[in-house]
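A short reminder: the numbers here are calculations on the coordinates, not readings from a lab. Please read these numbers as outputs of a predicted model, since none were measured by experiment. With ideal geometry, Cβ positions are generated from the backbone for all residues, glycine too; neighbour counts draw on all protein chains shown.
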Amino acid sequence: MALCQQVLFICRMRPVPQIFLFSGENRFAIGEECSRWIRHFREKHGEENLLRIEAKGLTTLDILREVAVAPFIAQSRLVVVDGPLRWLKADVEQLREQIHPQVVLLTVVHLESDKYGKLPATMKEYAKVAEQKTFPLLRRTELLQWVAACAQEHGVSITNAARDCLLEMVGEDQGMLRQEIIKLSLFAAGKPIERDHVLAAGVCAGEREIWPLMDVLGTGDVRSALRYLESALERGSSPSGIWTQFLWMVSQLVLVWSALEDGVSHPTAIVKHVGVRPSAARALLPFARTIKRHDLLRITDRVARTDRDLKTGVLRATGEAPEELTVALEACILSFAA
């Protein structure tokens, strides 16, 4: 009797071939695999046998009802659940018993890097009976290989220098990287993608002047910042162009600072938490960690008032007469002085 109970326990612990779990920090890879599953399933069994639902607002009882429904004039039915649910041991036992033999259940759980990529405790019982596939973030070398392969898929090659530059500007988000590679493959017109192509057409190409300025301002060295502004203008940058970038930079600084206030400190987590670009999160994080609330309020107040005056005509700024905007830029830079 004891042997039978042990065998029954082992069988219950085995994954059920119809129950699957995709989890990991790599949202891009999870999305690609889910899309592949859904596309192939739709082609084979039809739209009417596919159900994709958000876990938010649902209970395990809702899922149990759905997986008990037989497919409609087809060999199989697919139920995809986006997000974790609270699966108790009793719920999982019911799932094993009630799932229709022609139904496949796939649960997708995105993990956060700042939480060490751990599956929520509420999903542990489900994970015991599910066929699992994990999607970790790619390491640097893997990501570089993926960029090269992605470029080849779009009919071009990419140099090592261009790959490094692209990752520095865009970050490690594979979705954004792929969009940039598609754009760069058209821009390169069939030739290998070079670093100059990335600098000329990359998503952050218009921000090159502002990051060195931010690095200097982050140290509180307003004299060097003013000298850098002067040299940028001498190189041909327009005051209006620098002002637009400067305004955007300050807005991103506020977002990164607010993320730190919320206890979010990892660059990747900050990107997800407040929606800034990876390049902005990395560049602004050191300064955001040191700036005090009252200093940030002083800076944003000065910048906001300047922007209002430009838009209402209090300050005049034209291509022929940019002097007032140049002075306003200098004043905003001075507001960074402690």
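Neighbours of Pro71 by Cβ distance under 10 Å: Lys/Arg scored +1, Asp/Glu scored -1, total 0.
Taking packing as the residue-averaged number of other Cβ atoms within 10 angstrom, the listed peptides 146-154, 273-281 run from highest to lowest as 273-281, 146-154. Once the mean of 1/r is taken over each pair of separate Cα atoms and inverted, segment 129-254 shows a Kirkwood hydrodynamic radius of 16.6 Å. Between beta-carbons, use under 12 Å as the cut-off and find the net charge around Asp309, counting Lys and Arg +1, Asp and Glu -1. Local net charge: +3. From helices alone, the chain scores -18500 deg cm²/dmol at 222 nm; the rule is -39500 (n - 2.57) for each run of n ≥ 4 DSSP H residues, then divide by the residue total. Extent along the principal axes, Cα only, for segment 140-203: 27, 21, 19 Å, with the longest axis given first. With the simple spin-label model, which puts each label point 7 Å out from Cα in the Cβ direction, the Glu112 to Leu334 separation comes to 4.2 nm.
Helix 160-170 and the longest principal axis of the C-alpha atoms of the chain enclose an angle of approximately 90°. Amide hydrogen proximity for Leu58: with H placed 1.01 Å from N in the peptide plane, no residue at 5 or more positions away or on another chain lies under 5 Å. In a fully extended conformation the segment linking Leu58 and Trp248 would gain 64.5 nm over its present Cα-Cα distance, using 0.36 nm per residue.
Taking the square roots of 5 times each eigenvalue of the Cα gyration tensor of segment 14-134, largest first, gives ellipsoid semi-axes of 22, 18, 12 Å.
Taking a 23 Å limit on the Cα-Cα distance, which of the listed pairs Lys128/Lys272; Lys133/Lys183; Lys56/Lys118 fall beyond it? The pairs that break the limit, which is 23 Å between Cα atoms, are Lys128/Lys272; Lys133/Lys183.
Couplings 3J(HN,Hα) for segment 122-139, derived from phi with the Karplus relation 6.51 cos²θ - 1.76 cosθ + 1.60 (θ = phi - 60°), are 5, 9, 5, 5, 5, 4, 5, 10, 9, 6, 9, 9, 9, 10, x, 5, 6, 6 Hz, where x marks Gly and Pro. The calculated FRET efficiency for Val314 paired with Ser240, based on their beta-carbon distance and R0 = 22 Å, is about 0.90.
Taking a point 7 Å from the Cα of Arg36 along the Cα-to-Cβ direction, none of the residues of segment 145-162 has its backbone N closer than 11 Å to it. Each residue of segment 49-60 is assigned a 3J(HN,Hα), and the resulting list reads 9, 10, 10, 10, 9, 7, 5, 4, x, 9, 10, 4 Hz, derived from the Karplus form 6.51 cos²θ - 1.76 cosθ + 1.60 (θ = phi - 60°), x at Gly and Pro.
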